[in-house]
Amino acid sequence: MSGDHGYKDYQMDSGARISDSQRHKDKHRDKEHKHKDHKKDKEREKSKHSNSDHREPSEKKHKDREREKEKERVKHKDDSLERHKDKEKRREEKMKSHSADGKHKREKENGFASPPRIKSENDDNGYYHSPKHEKSVKRQFEEDEVEYKPKKVKVENEKKAKKRKHEDYYEDEEEEEDVKPKKKTKDKKQETAGGKKKVKKEPEQKWKWWEEERATDGSKWRFLEHKGPVFAPPYEPLPGHVRFYYDGKPFKLSTSAEEVATFFAKMLDHEYTTKDAFRKNFFKDWRKEMISEEKGKLTDLNKCDFSELSEYFKAQSEARKQMTKEEKLKIKEENERILEEYGFCVMDNHRERIGNFRIEPPGLFRGRGNHPKMGMLKRRIRPQDVIINCSKDSKHPKPPSGTKWKEVRHDNKVTWLASWTENIQGSIKYIMLNPSSRIKGEKDWQKYETARRLKSCVDRIRNQYREDWKSKEMRIRQRAVALYFIDKLALRAGNEKEEGETADTVGCCSLRVEHIKLYPEMDGQEYVVEFDFLGKDSIRYYNKMPVEKRVFKNLQLFLENKQPEDDLFDRLNTSILNKHLQELMEGLTAKVFRTYNASITLQQQLKELTCSDDNLPAKILSYNRANRAVAILCNHQRAPPKTFEKTMQNLQTKIDEKKKQLSSAKKELKSAKADAKTLHDDKSRKAVETKKKAVQRIEEQLMKLEVQATDREENKQIALGTSKLNYLDPRISIAWCKKYEIPVEKIYNKTQREKFAWAIDMADEDFEF
DNA sequence: AGACTGACTTAGAAGCGTCTCG
DNA sequence: CGAGACGCTTCTAAGTCAGTCT
């Protein structure tokens, strides 16, 4: 590309930086002076009345562009246009070369995609494979076990199922079981245990979807039937004796205002309610729910007294705890009944667990970190807000009596069963299946297969980005350095976010100058970069890392003439980065590096840490340590649990006690020594010895306690669950279990075993990531 | 080309049930 | 045998990323 313009490129860049920083400031100014409408507001208002304050997105865009242009004109009239063209040209070139590649095919992911089959002449719908016909190469080895599966039966099953549609999936299960004679024991158990009603109990657990062919046409299912979501229970007004006070006097609230008041009252103990933004947002939205009389009178949140409501709710939850066993059981049974009815759907002949079948109840929005919208009212979702997705030929879910769904659609290109638009960000929320379901499991498996493919070409990619550090083009260098961070530090991609709509957090591509510090030398190491920023969920990422000289020099270059609030990578965004990655490997995106590095780290660490001679707890400790290494890599943290303080306090008092003990023991030792000096007898000398030993012992105990405390301290900050659930190829863990004869239950609980059933079934001890 | 949006994964906190220890 | 610790489940916010629209 623009080969000989390397340095010019950098210079031009500093120009861009200036305008960038200005844009930033401008945005801030903008935010202060102009009330920006939210997406959801737009949504809500679009249909009804148009808001005068409301700016169309395109108009806004336009204005922004205008402003930016203006600035550029002022700052560096001459080269700005040039640069623009230059940039555009390069982009164009890239786009061309990219689009030439055409679309990638996702279906090859697991390496067993069949050739684009034209099958299904006999398939009513014609867009999905019946599971039987071909087995993949990859799956062949499992075939011995399942060969007996009479393929024809499967076909028949399908056809039958289609004919009778959804009618009765229990029957399917029976058939399913008939088909698997080898599982006799279990089958029998099930038959006897649940021949009738109980059939529903773990019916599908043995469905090995991973042995079946996957659809290659992008359809996610052929048949889908469910009962629709469960709505939040209606609001129950407070009993008369529980009163809200305004300005010290009881004030009877209207039902709608009262409901919102209870949301606040329930959170009264939470730190949230003391935050300005929270209170402001809450009060604004609360007032919207008030009747005009209330609006006139209740003008100051500080004069509102919710304490009686709060007490009432506390008493209620206390009462719930005090319920008798029978009452508790009754509630439990009722919950189970609801779960049975609404917690499952039928997808392609199999009864599958739904992940979240309850619609989110109304309440106050609790954003993470410093969220500008904290405290806003999350409104109640009604049937007319909900879109249902199911098979045309299924029994459609019935909306609660007297209501209607917003829409019933039949889109089998998506996996959700129901959706609605949430009013805080205007985003869509979905009802989807449980992680144990086929649809989630396949995707998960595929994710790890992509990461494994990265393993085979990661060296090439690394060499390339190292080369790119020397590129003459700024954008290439930035891309290469960013990729290095993503690879080495497991940073997230870092999409751009709309300012003022969410908490100010960043990922790799959205890092700003203020988030890194460069130290040519630090603690005896050269070229140290210090990272300090808030990532996803406003979790702080803090890390100091020595980098290669080239990276360091590049970073210095990127920082030149920039303000703290300017983008570090001003020539890069996630879309550019991912397009590049896509060219390097099919299906490669930024997040694959996280998966890859997490899994490979686990595998390495397990190899390194496990001793075959160790006993079981020691091995499990090794596993947890390996897991922790990954959690640290991925920066998976959690706030210390509430009980943590107490636990630590207890520990601390123990330590303090020990310290006291120690000092008194030391005193005793001292006086014993003094005695010995004056008395010079054996007895006193012995006393000195015993005192000495006592001091030593207490010192040791103290040290132990202190170590325990720090250990706990460290551990409490790290969350192992997220990496275990989302980043570590379960087959690595399963292989490890098999190799060292460790029961899987020791590392995966029931839910996790359900989610990873595919891995548990297919991985043997030789599995290598 | 860039904005917007939909669909889906990833994330920590809260809630809840059970186990343990005094 | 009750309180607190702990592990699991539920909840839903907050990301990623690709496709569509303008």
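The values are calculated or read from the model by the stated rules, or taken from the named source; none is laboratory data. Nothing here was measured: the structure is a model prediction, and the numbers come from that model. Backbone-built Cβ (ideal geometry, glycine too); neighbour counts: all protein chains shown.
Determine whether the range A:542-563 contains at least one residue that is hydroxyl-bearing (Ser, Thr, Tyr) and either out of contact with any strand residue (DSSP E or B) (no Cβ under 6 Å at 6 or more places or on another chain) or more than 18 Å from residue A:490 (Cβ to Cβ) (or both). Looking for residues that are hydroxyl-bearing (Ser, Thr, Tyr) and either out of contact with any strand residue (DSSP E or B) (no Cβ under 6 Å at 6 or more places or on another chain) or more than 18 Å from residue A:490 (Cβ to Cβ) (or both), one finds none in the range A:542-563, hence no.
How many of the residues in the range A:712-766 are basic (Lys, Arg), at pLDDT 95 or above and touching a Lys or Arg at 6+ places or on another chain (Cβ under 9 Å)? Summing the residues that are basic (Lys, Arg), at pLDDT 95 or above and touching a Lys or Arg at 6+ places or on another chain (Cβ under 9 Å) in the range A:712-766 gives 1. Pairing each residue of the range A:584-606 that is within 16 Å of DNA strand B (Cβ to nearest atom) with any residue that is hydroxyl-bearing (Ser, Thr, Tyr) and outside any helix (DSSP H, G or I), provided the two are 6+ apart or on different chains, yields C-beta distances under 7 Å for A:594/A:727; A:595/A:727; A:598/A:727; A:599/A:727.
May I ask you to say which residue of A:302, A:281 is closer than 25 Å to residue A:250 by Cα and either touching a helix residue (DSSP H, G or I) at 6+ places or on another chain (Cβ under 8 Å) or surrounded by fewer than 16 Cβ atoms within 10 Å (Cβ to Cβ) (or both)?
On the way: A:281 fails: either touching a helix residue (DSSP H, G or I) at 6+ places or on another chain (Cβ under 8 Å) or surrounded by fewer than 16 Cβ atoms within 10 Å (Cβ to Cβ) (or both).
Matching residue, one of A:302, A:281: A:302.
Between A:306, A:357, which is at pLDDT 95 or above and within 14 Å of DNA strand C (Cβ to nearest atom)?
Details: A:306 fails: within 14 Å of DNA strand C (Cβ to nearest atom).
Just one listed residue meets the conditions, A:357.
The residues in the range A:710-769 that are part of a loop (DSSP other than H, G, I, E, B) and surrounded by fewer than 15 Cβ atoms within 10 Å (Cβ to Cβ) can be counted, and the count is 7. Here residue A:628 clears all of (1) in contact with a strand residue (DSSP E or B) (Cβ under 7 Å, 6 or more places away or on another chain); (2) over 30 Å from residue A:368 (Cα atoms) except the condition numbered (2). The set of residues in the range A:480-510 being more than 16 Å from DNA strand B (Cβ to nearest atom) and over 25 Å from residue A:601 (Cα atoms) consists of A:504 alone.
Cβ separations smaller than 6 Å between residues 6+ apart or across chains give the following pairs from the range A:568-582 residues that are closer than 24 Å to residue A:529 by Cα and part of a helix (DSSP H, G or I) to residues that are polar (S, T, N, Q) and within 10 Å of DNA strand B (Cβ to nearest atom): A:574/A:495. When we screen A:554, A:573, A:578 for residues that are away from DNA strand B (no atom under 16 Å from the Cβ) and among the polar types (S, T, N, Q), the only hit is A:554. With the structure loaded, tell me whether residue A:633 is in contact with a Ser or Thr (Cβ under 8 Å, 6 or more places away or on another chain), within 30 Å of residue A:446 (Cβ to Cβ) and without any contact (Cβ under 8 Å) to a residue 24 or more places away in the chain or whether it fails that test. Against the criterion (in contact with a Ser or Thr (Cβ under 8 Å, 6 or more places away or on another chain), within 30 Å of residue A:446 (Cβ to Cβ) and without any contact (Cβ under 8 Å) to a residue 24 or more places away in the chain), residue A:633 does not qualify. Residue-level check: of (1) assigned to a loop (DSSP other than H, G, I, E, B); (2) crowded, with 18+ Cβ neighbours inside 10 Å, residue A:499 misses just (2). The residue list A:605, A:582 contains one member that is among the polar types (S, T, N, Q) and either farther than 17 Å from residue A:456 by Cβ or more than 25 Å from the chain's Cα centre (by Cα) (or both), which is A:605. Among the residues of the range A:318-332, those identified as surrounded by 10 or more Cβ atoms within 10 Å (Cβ to Cβ) and either at pLDDT below 85 or more than 13 Å from DNA strand C (Cβ to nearest atom) (or both) are A:320, A:323, A:327, A:328, A:329, A:330, A:331. Taking every residue in the range A:389-404 that is in contact (Cβ under 8 Å) with a residue 40 or more places away in the chain and surrounded by 12 or more Cβ atoms within 10 Å (Cβ to Cβ) and pairing it with any residue that is among the small types (Gly, Ala, Ser) and not in a loop (DSSP other than H, G, I, E, B), at least 6 positions away or on another chain, the pairs with Cβ-Cβ distances below 7 Å are A:389/A:418.
Selection of the range A:521-544 for residues being crowded, with 17+ Cβ neighbours inside 10 Å and of a type in the set (D, E, K, R) yields an empty set. Of the numbered criteria (1) more than 15 Å from residue A:312 (Cα to Cα); (2) of a type in the set (Lys, Arg); (3) in contact with a Pro (Cβ under 6 Å, 6 or more places away or on another chain), the one residue A:243 fails is (1). Of all the listed residues (A:355, A:375, A:369), the sole one being within 11 Å of DNA strand B (Cβ to nearest atom), in contact with a helix residue (DSSP H, G or I) (Cβ under 6 Å, 6 or more places away or on another chain) and in contact (Cβ under 8 Å) with a residue 60 or more places away in the chain is A:369.
Of the residues A:610, A:647, the single one that is under 30 Å from residue A:738 (Cα atoms) and surrounded by 14 or more Cβ atoms within 10 Å (Cβ to Cβ) is A:610. The residue that is farthest from DNA strand B (Cβ to nearest atom), among those in the range A:642-674 that are modelled with pLDDT of 70 or more and basic (Lys, Arg), is A:673.
Take residue A:383 and tell me if it is crowded, with 16+ Cβ neighbours inside 10 Å and away from DNA strand B (no atom under 12 Å from the Cβ).
Numbers: crowded, with 16+ Cβ neighbours inside 10 Å: yes; away from DNA strand B (no atom under 12 Å from the Cβ): yes.
Against the criterion (crowded, with 16+ Cβ neighbours inside 10 Å and away from DNA strand B (no atom under 12 Å from the Cβ)), residue A:383 qualifies.
Listed here are the helices (runs of 4 or more DSSP H) enclosed by the range A:156-271 that have at least 1 residues being modelled with pLDDT of 95 or more, β-branched (Val, Ile, Thr) and crowded, with 18+ Cβ neighbours inside 10 Å: A:255-266. Mind listing just one residue for me: the one in the range A:415-464 that is aliphatic (A, V, I, L, M) and farther than 15 Å from residue A:352 by Cβ and, of those, nearest to DNA strand B (Cβ to nearest atom)? That would be A:428. The single condition among (1) without any contact (Cβ under 8 Å) to a residue 24 or more places away in the chain; (2) farther than 16 Å from residue A:365 by Cβ that residue A:226 does not satisfy is (1).
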